[in-house]
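The values are calculated or read from the model by the stated rules, or taken from the named source; none is laboratory data. All figures in this text were calculated on a predicted structure; none of them were measured in a lab. Neighbour counts are summed over all protein chains in view; Cβ atoms, including those assigned to glycine, are modelled from backbone coordinates with ideal geometry. Note: accessible area is taken over every heavy atom of the protein model, side chains too, but ligands, DNA and RNA are not part of it. Shrake-Rupley method; radii C 1.70, N 1.55, O 1.52, S 1.80 Å.
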Amino acid sequence: MPQLLLCADDFAFSPAVSGVIAELAANGRLNATSCMAVLPNWRADSAMLVGLPNTVAIGLHLVLTGEKPVTTMPRLAPGGDLPAINPLGRMAARGDLPLAEIAQEIAAQFDRFEDAMGRAPDFVDGHQHSHALPGIREIVLAETAARAPNAWLRTCEDGLGAMLARPFRGKALASAYHSRGFRAAAAAQGLACNDGFAGHYGFAGDYAAIFPRFLKRAGARHLVMCHPGAGWREGDAIASARLQEAAALATLPIAELAAAHGLTFSA
């Protein structure tokens with residue numbers, strides 16, 4: 001039977017965000033979380049993941065936008081901070097990325113994950129889906145194949161009808177376009193991906209009412225990203241949405257909603 005993978009992105013964005021994600025996972029409200037090992041509080045926050053059910057997949061959320069990198073990156077982060085996603089995407093489209101710098105940074109983020117968790121990640125994705133950009137994807141796939149060959153990777157690819165049936169279809173279509181070919185490239189490396197991807201919305205409105213729409217036209221391994229959290233961190237444009245998502249995910253009948261759309265949910 002098709003499976004729902006409900007993944008909270010941005011673990012370690014802040015201790016408050018990490019605490020909410022860990023609590024939801026412990027209470028069977030999530031079955032995956034994606035970790036920002038680039039952040040200085042990652043190692044301390046990773047202790048919150050100890051003891052979670054074995055059904056909760058713990059992945060690496062590679063960060064190449066908006067934060068301070070682990071390594072020195074004079075071309076990509078000359079002022080100390082990584083660029084926003086749109087400039088990074090334009091650089092990728094022009095073939096103007098400092099690939100050696102990026103490869104070193106990705107390896108360092110894998111190192112930080114493994115140092116804290118004592119093992120490879122269960123899956124790999126990227127903050128703002130930057131892992132799927134041309135040039136970057138080849139590095140991510142090679143590093144994953146070498147260091148986490150049993151891990152799966154996130155792709156935003158999905159069927160046109162499925163994306164049109166869900167919220168915020170323009171963003172979903174754009175993400176799928178930028179991810180085109182990613183699943184095939186992963187398969188060439190012997191790596192698996194999710195089958196079905198949802199979770200895009202405008203970070204406003206009634207999340208509890210929006211959530212069931214993410215389950216429409218689900219794939220066989222249907223990945224829904226979410227961003228629950230709490231607290232406030234400078235520059236967090238979705239701080240209010242994190243609170244709304246956390247409250248909804250704590251109470252929604254997730255397993256029942258999944259079953260109504262032909263999905264199993266194990267958490």
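Key figures for this structure:
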item	result
Selection status of Lys216, more than 16 Å from the chain's Cα centre (by Cα) and among the charged types (D, E, K, R)	yes
Unique match (being in contact with a Leu (Cβ under 9 Å, 6 or more places away or on another chain), open to solvent by 10 Å² or more (accessible area, probe 1.4 Å) and either among the β-branched types (Val, Ile, Thr) or farther than 16 Å from Ala246 by Cα (or both)) among Pro40, Pro2, Pro53	Pro2
Considering residues of the stretch 90-112 that are touching a Ser or Thr at 6+ places or on another chain (Cβ under 8 Å) and of a type outside the set (A, V, I, L, M, F, W, C) only, the residue most open to solvent (accessible area, probe 1.4 Å)	Gln104
Every pair of residues 6+ apart whose Cβ atoms lie under 6 Å, when the first sits in the stretch 136-162 and is closer than 19 Å to Ala176 by Cβ while the second is assigned to a helix (DSSP H, G or I) and among the hydroxyl-bearing types (Ser, Thr, Tyr)	Thr155/Ser179; Cys156/Ser175; Cys156/Ser179; Glu157/Ser179
Residue satisfying all of: in the stretch 144-161; surrounded by fewer than 19 Cβ atoms within 10 Å (Cβ to Cβ) and part of a helix (DSSP H, G or I); farthest from the chain's Cα centre (by Cα) among these	Gly161
Any hit, the stretch 66-77, residues being acidic (Asp, Glu), open to solvent by less than 80 Å² (accessible area, probe 1.4 Å) and in contact with a Lys or Arg (Cβ under 7 Å, 6 or more places away or on another chain)	no
Those residues of the stretch 177-190 which are open to solvent by 10 Å² or more (accessible area, probe 1.4 Å) and either within 22 Å of Gly59 (Cβ to Cβ) or among the charged types (D, E, K, R) (or both), in sequence order	His178, Arg180, Gly181, Arg183, Ala184, Ala185, Ala187, Ala188, Gln189, Gly190
Enumeration of residues in the stretch 207-262 that are of a type in the set (Lys, Arg) and more than 21 Å from Ala25 (Cβ to Cβ)	Arg213, Lys216, Arg217
Close pairs from the stretch 218-244: first open to solvent by less than 70 Å² (accessible area, probe 1.4 Å), partner part of a loop (DSSP other than H, G, I, E, B) and acidic (Asp, Glu), Cβ under 7 Å, at least 6 apart	Gly219/Asp158
Some residue of the stretch 179-193 being part of a loop (DSSP other than H, G, I, E, B) and polar (S, T, N, Q)	yes
Which listed residue, of Ala218, Ala184, is under 30 Å from Met117 (Cα atoms) and modelled with pLDDT of 95 or more	Ala184
Residues of the stretch 87-143 satisfying the condition of being of a type in the set (Gly, Ala, Ser), under 18 Å from the mean Cα position of the chain (by Cα) and in a loop (DSSP other than H, G, I, E, B)	Ala120
